[in-house]
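I have placed the structure first, in the form of C-alpha cells, so that the comments after it can refer back to it.
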Amino acid sequence: MTNLLKKLTKVTAIVIATSFAVGCSGEDGRDGVGFADLTKYGSISISLDGTRPDNLPFTKSEVFKFTPTNDVDDYNSMYRSGDNLEFYVGRFLSAPDDTYQETYLEFYLDVTDAGLATESISLENFAVNDYAVIADDFTYFRLSDYYRLYDPITYGISNLTVTNYSFNDTTNRLRFDYSFVVDGANNDSNNELTITGTVNVVVLEDID
C-alpha cells in the first residue's frame, strides 16, 4: 500500500469515527407482568456464614422476595386464637413454579399473649429449600435443610434469637430479626453454619 493510500485510509477512518454522536442511554426496563403481585407482600433476607463441604470458609447473603399466589396457607398466612398468633410464611428466590423455581425460605412463628406483658415469641421451624450456594471460584454446593428449632438439642441448634419483633394489626406487617447456629451433622454444608436474617412481610389472615 502506498504512503498516500495509507494516509487516505487513516483520514477516512477518523472521519467515520467522529461522524456519529454518542447515543443517549435507553430507558430503564419495566418489570414484567405479574411482578408487583409476586413481590408486594415483602421479603425474607438471609445471611450464611460457615465452611463449605470442601472445608473452605464462605459467606453468602440473599433476599427472597417472591410470594406464590396459589398457596397462601403455607407461604403467607396468619391465624389468630384469642391473644395467640401463628405465622406460616415463605418466600421464593425467583418467580415460583412447580419445576424450575423451587428455591425458598420458610418459617413458622408462634406468638403467645400477643401485645401483653406476658408475650412470648417462638420461632419453631425454619427451612432453606434447594438453595445453591455459588462461589466466586465457580463451585457450588446445595442447601436443602429443615431446621426444627423447637427441639434444639436433638437437631443441633444453638444460639437461637428472635429480636426486634413487631406485628401491626392494621397493616398486617410482620417484622423481626433472627439468628441461630446449626451443627455440621444437621445441615448440608457438613460444618457448623450460622444463619441470620430479617423478616419484613405482610401476611394474610385466615378467617375460616
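One table, with the values for the structure above:
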| quantity | calculated |
| --- | --- |
| Output for the range 61-102, where each listed residue is β-branched (Val, Ile, Thr) and at pLDDT 95 or above | Val63, Val89 |
| Selection count, the range 151-208, where residues are open to solvent by 20 Å² or more (accessible area, probe 1.4 Å), of a type in the set (A, V, I, L, M) and closer than 30 Å to Gly82 by Cα | 5 |
| Check on Asn129, within 23 Å of Arg175 (Cβ to Cβ) and out of contact with any Pro (no Cβ under 7 Å at 6 or more places or on another chain) | yes |
| Enumeration of residues in the range 76-94 that are surrounded by 14 or more Cβ atoms within 10 Å (Cβ to Cβ) and either part of a loop (DSSP other than H, G, I, E, B) or in contact with a Lys or Arg (Cβ under 9 Å, 6 or more places away or on another chain) (or both) | Asn76, Glu86, Arg91, Phe92, Leu93, Ser94 |
| Subset of the range 159-180 (residues that are within 18 Å of the chain's Cα centre (by Cα) and not small (Gly, Ala, Ser)) | Val162, Arg173, Leu174, Arg175, Phe176, Asp177, Tyr178, Phe180 |
| Subset tally (residues that are assigned to a loop (DSSP other than H, G, I, E, B) and charged (D, E, K, R)) for the range 193-208 | 2 |
| Residues that are open to solvent by 40 Å² or more (accessible area, probe 1.4 Å), over 17 Å from the mean Cα position of the chain (by Cα) and acidic (Asp, Glu), drawn from the range 95-147 | Asp98, Asp113, Glu119, Glu124, Asp136, Asp137 |
| Members of the range 140-192 that are assigned to a loop (DSSP other than H, G, I, E, B) and among the hydrophobic types (A, V, I, L, M, F, W, C) | Leu149, Ile153 |
| Test result for Asp145, under 22 Å from Thr51 (Cα atoms), acidic (Asp, Glu) and in contact (Cβ under 8 Å) with a residue 12 or more places away in the chain | yes |
| Neighbours by Cβ (under 7 Å, 6+ apart or cross-chain): first from the range 152-163, at negative phi; second among the polar types (S, T, N, Q) and not in a strand (DSSP E or B) | Tyr155/Asn186 |
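The values are calculated or read from the model by the stated rules, or taken from the named source; none is laboratory data. Small disclaimer: the values here were computed from a predicted structure and weren't measured. Neighbour counts run over all protein chains shown; Cβ positions are idealised from the backbone, glycine included. Accessible surface is based on the protein model in full, side chains and every heavy atom, while ligands, DNA and RNA are left aside. Shrake-Rupley method; radii C 1.70, N 1.55, O 1.52, S 1.80 Å.
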